[in-house]
């Protein structure tokens, strides 16, 4: 993807999203990045168009018009936890509803591709609430009519977050010992560096052919 195109990036301040943003801005031929955010970003760049507190189609369309480029893709790195969100309903509002609301805006403005950081084990039929929500987001994304949909399904993400997640912190400490034990079909559950997932998302953006693609540990590692 080049600067002659734009991407709508949701979750630009998160563990993976901030790394995706950095990769695109560091690339000489990177795209224009339109980033809806809750708070002003600490970085500036000629190709970065932050939309502070603006999550509507009119704001995105205005940013595209100002940049003079068409929208190529929607890249979503949104993600929270039930503890952070405060309730299941609040978690749903972010990890499914906001994901799909922004996807609908992007598709309506001409984006041909959608990329989503989901989770290993995601399934709309899962008995696990977290995985079911992730699966419902994937299913909703596929139903919107994008030419290509890439669902990235990492296991535990390795990297420093701006906020503390206690269970994740323990998992990160144990990952060097547990990863080698996950072999065969269990390899997909291995912990993976957020930098690797970000590199995979950046490399997949703008890629063909059409279709729906699932990327788990091995595919993410190769793409990243």
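Counting only alpha carbon atoms, the long axis of helix 129-143 and the longest principal axis of the chain meet at about 40°. Over the chain, Cα pairs under 8 Å with separation of 6+ residues give a relative contact order of 19 percent. Relative to the current alpha-carbon distance between residue 27 and residue 13, full extension at 0.36 nm per residue lengthens the span by 3.2 nm. Volume per residue of the convex hull around the Cα atoms, evaluated for segment 1-121, comes out as 109 Å³. Full extension of the segment from residue 38 to residue 104, taken as 0.36 nm per residue of separation minus the current Cα-Cα distance, would add 21.8 nm. Calculated on the Cα set of the chain, radius of gyration then Dmax: 16.7, 51 Å. Annotation for segment 1-36 versus segment 48-102: alpha-carbon center distance of 13 Å.
The C-alpha atoms of segment 1-55 occupy a region whose extents along the principal axes are 27, 20, 16 Å, arranged from largest to smallest. Arranged from fewest to most other beta-carbon atoms within 10 Å of their beta carbon, 45, 107 become 45, 107. Between the Cα long axis of helix 194-204 and the first principal axis of the chain there is an angle of about 50°, rounded to the nearest 10.
Arranged from fewest to most other beta-carbon atoms within 10 Å of their beta carbon, 78, 144 become 144, 78. Using only the alpha-carbon atoms, how far is helix 99-108 inclined from the longest principal axis of the chain? Give it as 0 to 90 degrees, nearest 10. Result, in degrees: 30. Remark: 129, 91 ranked as 129, 91, counting other beta-carbon atoms within 10 Å and listing the fewest first.
Any read-out appearing in this document is the output of simple, stated calculations on the displayed coordinates, not a laboratory observation. Please read these numbers as outputs of a predicted model, since none were measured by experiment. A quick note on method: Cβ atoms are made from the backbone with ideal geometry, for glycine too, and the neighbour counts reach across all protein chains shown.
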